[in-house]
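The values are calculated or read from the model by the stated rules, or taken from the named source; none is laboratory data. Just so it is clear, the model here is predicted, and its values are computed rather than measured. Reconstructed Cβ throughout: ideal geometry from the backbone, glycine too, with neighbour counts over all protein chains shown. Ligands, DNA and RNA are excluded from the accessible area calculation, which covers all protein heavy atoms including side chains. Shrake-Rupley method; radii C 1.70, N 1.55, O 1.52, S 1.80 Å.
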Amino acid sequence: MAEPVAVLGLGLMGSALAGAFLRRGHPTTVWNRSPERAAPLVARGALRAGTVAEAVSAGGLTVVCLSDNDAVSRTCESAGRAFDGRTLVNLTSGTSREARGLAAWAADQGAAYLDGKLLATPDTVGGPDTAVLYGGRREPFDAHHATLRAIGGGLTRLGDDPGLPALYDVALLDILWASLNGFLHASALVATEDVRAGEFAPFADLLFAALPSFVARCARQIDEGAHAAEDSTLETHLPAARNLVAECLARGVDADPPRRLRAVIEKAIAQGHGKDGYASVVEQFRKAPLEHGGG
Ligand SMILES: NC(=O)c1ccc[n+]([C@@H]2O[C@H](COP(=O)([O-])OP(=O)(O)OC[C@H]3O[C@@H](n4cnc5c(N)ncnc54)[C@H](OP(=O)(O)O)[C@@H]3O)[C@@H](O)[C@H]2O)c1
(Lines give C-alpha, C1' and ligand atoms only; values in the text may rest on other atoms or scores of the structure.)
Protein backbone atom coordinates (compact mmCIF):
# COMPACT_ATOMS: atom_id res chain seq x y z
CA MET A 1 0.00 0.00 0.00
CA ALA A 2 1.21 3.51 -0.84
CA GLU A 3 2.55 5.48 2.12
CA PRO A 4 0.08 7.84 3.84
CA VAL A 5 1.05 11.47 3.32
CA ALA A 6 0.04 14.75 4.95
CA VAL A 7 0.19 18.01 3.01
CA LEU A 8 0.23 21.31 4.94
CA GLY A 9 -0.63 24.28 2.74
CA LEU A 10 -3.03 24.17 -0.18
CA GLY A 11 -2.04 27.19 -2.22
CA LEU A 12 -1.30 26.76 -5.90
CA MET A 13 1.74 24.58 -5.25
CA GLY A 14 0.46 22.72 -2.18
CA SER A 15 -2.74 21.77 -4.02
CA ALA A 16 -0.68 20.45 -6.93
CA LEU A 17 1.44 18.40 -4.52
CA ALA A 18 -1.60 16.91 -2.79
CA GLY A 19 -3.12 16.17 -6.21
CA ALA A 20 0.04 14.36 -7.30
CA PHE A 21 -0.05 12.14 -4.18
CA LEU A 22 -3.71 11.36 -4.76
CA ARG A 23 -3.01 10.42 -8.40
CA ARG A 24 -0.41 7.92 -7.20
CA GLY A 25 -2.85 6.37 -4.72
CA HIS A 26 -1.30 7.75 -1.50
CA PRO A 27 -3.81 8.18 1.32
CA THR A 28 -3.54 11.98 1.57
CA THR A 29 -4.55 14.13 4.53
CA VAL A 30 -4.60 17.85 3.91
CA TRP A 31 -4.59 20.95 6.09
CA ASN A 32 -4.78 24.59 5.12
CA ARG A 33 -5.11 27.78 7.19
CA SER A 34 -8.18 28.68 5.11
CA PRO A 35 -9.98 25.33 5.30
CA GLU A 36 -12.26 25.93 2.29
CA ARG A 37 -9.30 25.44 -0.06
CA ALA A 38 -9.33 21.73 0.83
CA ALA A 39 -12.71 21.16 -0.84
CA PRO A 40 -11.51 20.25 -4.39
CA LEU A 41 -9.00 17.79 -2.94
CA VAL A 42 -11.54 16.25 -0.58
CA ALA A 43 -13.76 15.74 -3.63
CA ARG A 44 -10.87 13.75 -5.13
CA GLY A 45 -10.49 11.55 -2.06
CA ALA A 46 -8.27 13.52 0.33
CA LEU A 47 -9.04 13.62 4.06
CA ARG A 48 -9.34 17.06 5.63
CA ALA A 49 -7.62 17.52 8.99
CA GLY A 50 -8.98 20.06 11.45
CA THR A 51 -5.57 20.78 12.98
CA VAL A 52 -1.93 20.56 11.94
CA ALA A 53 -1.31 17.91 14.62
CA GLU A 54 -4.16 15.78 13.25
CA ALA A 55 -2.71 16.00 9.72
CA VAL A 56 0.85 15.17 10.80
CA SER A 57 -0.38 12.20 12.86
CA ALA A 58 -2.17 10.78 9.81
CA GLY A 59 0.86 10.71 7.51
CA GLY A 60 4.14 8.84 7.68
CA LEU A 61 5.51 11.76 5.74
CA THR A 62 4.45 15.40 6.07
CA VAL A 63 5.03 17.76 3.17
CA VAL A 64 4.75 21.48 3.90
CA CYS A 65 4.53 24.18 1.25
CA LEU A 66 3.55 27.66 2.47
CA SER A 67 4.29 31.23 1.42
CA ASP A 68 7.46 31.48 3.51
CA ASN A 69 9.42 29.79 6.27
CA ASP A 70 8.04 32.03 9.04
CA ALA A 71 4.66 30.54 8.22
CA VAL A 72 6.24 27.06 8.17
CA SER A 73 7.79 27.58 11.64
CA ARG A 74 4.56 28.82 13.19
CA THR A 75 2.46 26.15 11.51
CA CYS A 76 4.74 23.26 12.45
CA GLU A 77 5.20 24.53 16.01
CA SER A 78 1.42 24.40 16.44
CA ALA A 79 1.60 20.60 16.02
CA GLY A 80 3.07 20.10 19.49
CA ARG A 81 4.97 16.79 19.63
CA ALA A 82 3.15 15.27 16.64
CA PHE A 83 6.34 15.25 14.52
CA ASP A 84 8.16 12.94 16.94
CA GLY A 85 9.39 9.90 14.98
CA ARG A 86 8.13 11.25 11.63
CA THR A 87 9.65 12.94 8.61
CA LEU A 88 9.05 16.55 7.58
CA VAL A 89 9.71 17.59 3.97
CA ASN A 90 9.70 21.35 3.51
CA LEU A 91 9.17 22.48 -0.09
CA THR A 92 8.76 26.17 0.77
CA SER A 93 11.09 28.70 -0.85
CA GLY A 94 13.54 30.30 1.57
CA THR A 95 17.17 30.80 2.48
CA SER A 96 19.75 28.18 3.37
CA ARG A 97 19.92 29.63 6.89
CA GLU A 98 16.17 29.17 7.35
CA ALA A 99 16.40 25.58 6.10
CA ARG A 100 19.18 24.78 8.57
CA GLY A 101 17.17 26.38 11.38
CA LEU A 102 14.11 24.30 10.55
CA ALA A 103 16.25 21.15 10.38
CA ALA A 104 17.55 21.89 13.89
CA TRP A 105 14.00 22.49 15.12
CA ALA A 106 12.84 19.21 13.58
CA ALA A 107 15.72 17.35 15.22
CA ASP A 108 14.61 18.77 18.60
CA GLN A 109 11.15 17.31 17.90
CA GLY A 110 12.64 13.88 17.15
CA ALA A 111 11.79 14.28 13.46
CA ALA A 112 13.83 13.71 10.33
CA TYR A 113 13.97 16.73 8.01
CA LEU A 114 14.48 17.09 4.29
CA ASP A 115 14.53 20.47 2.62
CA GLY A 116 13.36 20.39 -0.98
CA LYS A 117 13.27 22.92 -3.75
CA LEU A 118 10.94 22.42 -6.69
CA LEU A 119 12.37 23.43 -10.04
CA ALA A 120 8.82 23.34 -11.26
CA THR A 121 5.50 25.11 -11.63
CA PRO A 122 2.28 23.55 -10.29
CA ASP A 123 1.28 22.19 -13.72
CA THR A 124 4.53 20.21 -13.99
CA VAL A 125 4.36 18.67 -10.48
CA GLY A 126 4.25 14.88 -10.72
CA GLY A 127 6.02 14.69 -14.07
CA PRO A 128 8.56 11.88 -14.65
CA ASP A 129 11.34 14.43 -15.29
CA THR A 130 10.21 17.18 -12.93
CA ALA A 131 13.29 18.23 -10.99
CA VAL A 132 13.28 18.53 -7.21
CA LEU A 133 16.47 19.14 -5.22
CA TYR A 134 16.66 17.74 -1.69
CA GLY A 135 19.07 18.23 1.16
CA GLY A 136 19.21 16.21 4.36
CA ARG A 137 20.28 12.85 5.69
CA ARG A 138 20.27 9.85 3.35
CA GLU A 139 18.13 7.59 5.57
CA PRO A 140 14.85 9.55 5.35
CA PHE A 141 15.48 10.33 1.67
CA ASP A 142 15.92 6.66 0.85
CA ALA A 143 13.05 5.59 3.10
CA HIS A 144 10.60 7.98 1.38
CA HIS A 145 12.13 7.93 -2.11
CA ALA A 146 9.19 6.14 -3.72
CA THR A 147 6.72 8.59 -2.16
CA LEU A 148 8.78 11.63 -3.12
CA ARG A 149 8.83 10.42 -6.75
CA ALA A 150 5.12 11.27 -6.87
CA ILE A 151 6.13 14.95 -6.71
CA GLY A 152 8.77 14.77 -9.40
CA GLY A 153 10.68 11.91 -10.99
CA GLY A 154 13.81 14.03 -11.48
CA LEU A 155 14.73 14.09 -7.80
CA THR A 156 18.28 14.59 -6.55
CA ARG A 157 19.66 14.56 -3.01
CA LEU A 158 22.49 17.13 -2.98
CA GLY A 159 23.92 15.90 0.32
CA ASP A 160 23.41 15.92 4.09
CA ASP A 161 23.26 19.72 4.32
CA PRO A 162 19.60 20.84 4.35
CA GLY A 163 20.71 24.34 3.31
CA LEU A 164 22.16 23.44 -0.08
CA PRO A 165 18.90 23.16 -2.09
CA ALA A 166 17.92 26.72 -1.09
CA LEU A 167 21.28 27.97 -2.34
CA TYR A 168 20.92 26.07 -5.64
CA ASP A 169 17.39 27.42 -5.95
CA VAL A 170 18.36 31.10 -5.76
CA ALA A 171 21.47 30.48 -7.88
CA LEU A 172 19.31 28.98 -10.62
CA LEU A 173 16.87 31.90 -10.37
CA ASP A 174 19.92 34.14 -10.71
CA ILE A 175 20.49 32.56 -14.14
CA LEU A 176 16.82 32.60 -15.11
CA TRP A 177 16.25 36.26 -14.30
CA ALA A 178 19.55 37.37 -15.84
CA SER A 179 18.68 35.49 -19.05
CA LEU A 180 15.14 36.84 -19.22
CA ASN A 181 16.31 40.36 -18.42
CA GLY A 182 18.89 40.04 -21.19
CA PHE A 183 16.13 39.17 -23.66
CA LEU A 184 13.77 41.88 -22.35
CA HIS A 185 16.48 44.55 -22.49
CA ALA A 186 17.53 43.47 -25.99
CA SER A 187 13.88 43.51 -27.10
CA ALA A 188 13.57 47.10 -25.85
CA LEU A 189 16.71 47.97 -27.81
CA VAL A 190 15.56 46.53 -31.17
CA ALA A 191 12.07 47.95 -30.60
CA THR A 192 13.59 51.40 -31.17
CA GLU A 193 13.64 50.36 -34.85
CA ASP A 194 10.09 48.96 -34.67
CA VAL A 195 11.38 45.38 -34.60
CA ARG A 196 8.78 43.22 -32.89
CA ALA A 197 9.93 40.90 -30.08
CA GLY A 198 8.59 37.93 -32.06
CA GLU A 199 10.77 38.81 -35.06
CA PHE A 200 13.85 39.07 -32.86
CA ALA A 201 13.16 36.00 -30.68
CA PRO A 202 14.40 33.34 -33.18
CA PHE A 203 17.85 34.95 -33.13
CA ALA A 204 17.84 35.01 -29.34
CA ASP A 205 16.95 31.31 -29.49
CA LEU A 206 20.08 30.63 -31.55
CA LEU A 207 22.11 32.08 -28.68
CA PHE A 208 20.21 30.15 -26.01
CA ALA A 209 20.76 26.94 -28.00
CA ALA A 210 24.52 27.57 -27.91
CA LEU A 211 24.55 28.30 -24.17
CA PRO A 212 25.08 24.70 -22.93
CA SER A 213 28.47 24.53 -24.65
CA PHE A 214 29.46 27.97 -23.25
CA VAL A 215 28.32 26.88 -19.78
CA ALA A 216 30.26 23.60 -19.99
CA ARG A 217 33.45 25.42 -21.01
CA CYS A 218 33.06 28.09 -18.32
CA ALA A 219 32.43 25.42 -15.67
CA ARG A 220 35.54 23.51 -16.71
CA GLN A 221 37.69 26.66 -16.69
CA ILE A 222 36.30 27.88 -13.34
CA ASP A 223 37.01 24.49 -11.72
CA GLU A 224 40.50 24.37 -13.21
CA GLY A 225 41.16 28.00 -12.20
CA ALA A 226 42.54 28.59 -15.69
CA HIS A 227 40.78 30.93 -18.08
CA ALA A 228 42.79 30.76 -21.30
CA ALA A 229 40.94 32.28 -24.25
CA GLU A 230 39.75 29.40 -26.42
CA ASP A 231 37.74 31.56 -28.82
CA SER A 232 37.92 35.25 -27.90
CA THR A 233 39.76 37.35 -25.34
CA LEU A 234 38.29 39.89 -22.93
CA GLU A 235 40.03 42.56 -25.02
CA THR A 236 37.82 41.43 -27.92
CA HIS A 237 34.67 41.53 -25.77
CA LEU A 238 35.29 45.06 -24.49
CA PRO A 239 34.66 47.04 -27.72
CA ALA A 240 31.44 45.08 -28.25
CA ALA A 241 30.30 45.96 -24.72
CA ARG A 242 31.13 49.62 -25.44
CA ASN A 243 29.08 49.45 -28.66
CA LEU A 244 26.12 48.12 -26.69
CA VAL A 245 26.32 51.03 -24.23
CA ALA A 246 26.62 53.52 -27.13
CA GLU A 247 23.52 52.10 -28.88
CA CYS A 248 21.51 52.29 -25.65
CA LEU A 249 22.53 55.89 -25.01
CA ALA A 250 21.84 56.94 -28.61
CA ARG A 251 18.37 55.38 -28.52
CA GLY A 252 17.31 56.47 -25.03
CA VAL A 253 17.22 52.86 -23.76
CA ASP A 254 18.33 52.12 -20.17
CA ALA A 255 22.12 51.89 -20.40
CA ASP A 256 22.70 50.79 -16.79
CA PRO A 257 22.74 46.98 -17.36
CA PRO A 258 25.33 47.17 -20.19
CA ARG A 259 27.32 49.79 -18.26
CA ARG A 260 27.66 47.32 -15.39
CA LEU A 261 28.71 44.60 -17.84
CA ARG A 262 31.28 46.94 -19.43
CA ALA A 263 32.65 47.96 -16.02
CA VAL A 264 33.13 44.32 -15.01
CA ILE A 265 35.06 43.56 -18.22
CA GLU A 266 37.17 46.71 -17.81
CA LYS A 267 38.01 45.78 -14.22
CA ALA A 268 38.98 42.24 -15.22
CA ILE A 269 41.26 43.62 -17.95
CA ALA A 270 42.78 46.11 -15.48
CA GLN A 271 43.58 43.12 -13.26
CA GLY A 272 45.50 41.43 -16.06
CA HIS A 273 42.85 39.24 -17.73
CA GLY A 274 42.82 41.03 -21.10
CA LYS A 275 44.19 38.01 -22.94
CA ASP A 276 42.01 35.55 -20.98
CA GLY A 277 38.62 34.20 -22.01
CA TYR A 278 35.24 35.36 -20.75
CA ALA A 279 35.14 32.88 -17.85
CA SER A 280 37.86 34.94 -16.13
CA VAL A 281 35.13 37.48 -15.28
CA VAL A 282 34.02 35.08 -12.51
CA GLU A 283 36.76 36.55 -10.32
CA GLN A 284 34.90 39.90 -10.34
CA PHE A 285 31.82 38.28 -8.80
CA ARG A 286 33.52 36.37 -5.97
CA LYS A 287 33.61 39.29 -3.55
CA ALA A 288 31.05 42.06 -3.03
CA PRO A 289 32.39 45.57 -3.69
CA LEU A 290 33.18 47.40 -0.44
CA GLU A 291 30.45 50.00 -1.00
CA HIS A 292 27.71 47.30 -0.89
CA GLY A 293 25.29 47.84 2.01
CA GLY A 294 22.83 45.38 3.49
CA GLY A 295 19.95 43.67 1.65
N1 LIG B 1 3.70 28.51 -7.58
C2 LIG B 1 4.87 28.18 -8.14
O3 LIG B 1 5.02 28.14 -9.37
C4 LIG B 1 6.03 27.78 -7.26
C5 LIG B 1 7.18 27.20 -7.85
C6 LIG B 1 8.24 26.81 -7.03
C7 LIG B 1 8.18 27.05 -5.67
N8 LIG B 1 7.07 27.64 -5.14
C9 LIG B 1 7.06 27.89 -3.70
O10 LIG B 1 6.02 27.20 -3.07
C11 LIG B 1 5.56 27.95 -1.95
C12 LIG B 1 4.05 28.11 -2.03
O13 LIG B 1 3.75 28.79 -3.25
P14 LIG B 1 2.27 28.86 -3.81
O15 LIG B 1 2.39 29.23 -5.25
O16 LIG B 1 1.51 27.65 -3.43
O17 LIG B 1 1.72 30.14 -2.99
P18 LIG B 1 0.20 30.50 -2.70
O19 LIG B 1 -0.71 30.00 -3.77
O20 LIG B 1 0.18 31.97 -2.42
O21 LIG B 1 -0.14 29.71 -1.35
C22 LIG B 1 0.39 30.11 -0.12
C23 LIG B 1 0.02 29.11 0.93
O24 LIG B 1 0.64 29.50 2.17
C25 LIG B 1 -0.38 29.56 3.18
N26 LIG B 1 0.02 30.53 4.19
C27 LIG B 1 0.50 31.78 4.00
N28 LIG B 1 0.80 32.35 5.17
C29 LIG B 1 0.47 31.45 6.13
C30 LIG B 1 0.55 31.48 7.55
N31 LIG B 1 1.02 32.53 8.23
N32 LIG B 1 0.15 30.36 8.21
C33 LIG B 1 -0.31 29.27 7.54
N34 LIG B 1 -0.43 29.21 6.21
C35 LIG B 1 -0.02 30.29 5.50
C36 LIG B 1 -1.64 29.96 2.43
O37 LIG B 1 -2.77 29.67 3.21
P38 LIG B 1 -4.17 30.40 2.94
O39 LIG B 1 -4.82 29.63 1.80
O40 LIG B 1 -4.89 30.30 4.22
O41 LIG B 1 -3.86 31.83 2.53
C42 LIG B 1 -1.49 29.05 1.21
O43 LIG B 1 -1.84 27.71 1.54
C44 LIG B 1 6.31 29.29 -1.96
O45 LIG B 1 7.41 29.23 -1.10
C46 LIG B 1 6.78 29.37 -3.40
O47 LIG B 1 7.94 30.16 -3.56
C48 LIG B 1 5.99 28.00 -5.89
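Quick rundown of the values:
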| read-out | value |
| --- | --- |
| Segment 205-252: GluC sites (Glu not before Pro) in DSSP coil with no more than 14 other Cβ atoms inside 10 Å | E230 |
| Fraction of antiparallel bridges per DSSP, the chain only, in percent to nearest 5 | 20 |
| Carbon plus sulfur fraction of accessible area for segment 5-159, probe 1.4 Å, in percent | 50 |
| Fully extended contour minus Cα-Cα distance, from T121 to A270, at 0.36 nm per residue | 49.3 nm |
| Segment 77-87 - phi-based ³J(HN,Hα) in whole Hz, Karplus 6.51/-1.76/1.60, Gly and Pro as x | 4, 6, 7, x, 9, 4, 7, 3, x, 10, 10 |
| Neighbour net charge for H237 - beta-carbon separation under 11 angstrom, K R +1, D E -1 | -2 |
| Pairwise centroid distance, computed over Cα atoms, of segment 147-161 with segment 3-45, Å | 19 |
| Trypsin sites (Lys or Arg not before Pro) lying in DSSP loop within segment 196-295, provided at most 12 other Cβ fall within 10 Å | R196, R286, K287 |
| Using θ = phi - 60° and Karplus 6.51 cos²θ - 1.76 cosθ + 1.60, couplings along segment 149-155 (whole Hz; Gly, Pro as x) | 4, 5, 7, x, x, x, 8 |
| With every protein chain in place, segment 192-285: carbon and sulfur % of accessible area (1.4 Å) | 58 |
| Relative contact order computed over segment 159-289 (Cα-Cα under 8 Å; 6+ residues apart), in percent | 26 |
| Surface per residue (accessible, 1.4 Å probe) for segment 152-295, Å² | 65 |
| Label point 7 Å beyond Cα of T192 along Cβ direction - residues of segment 228-250 with amide nitrogen under 18 Å | 239-250 |
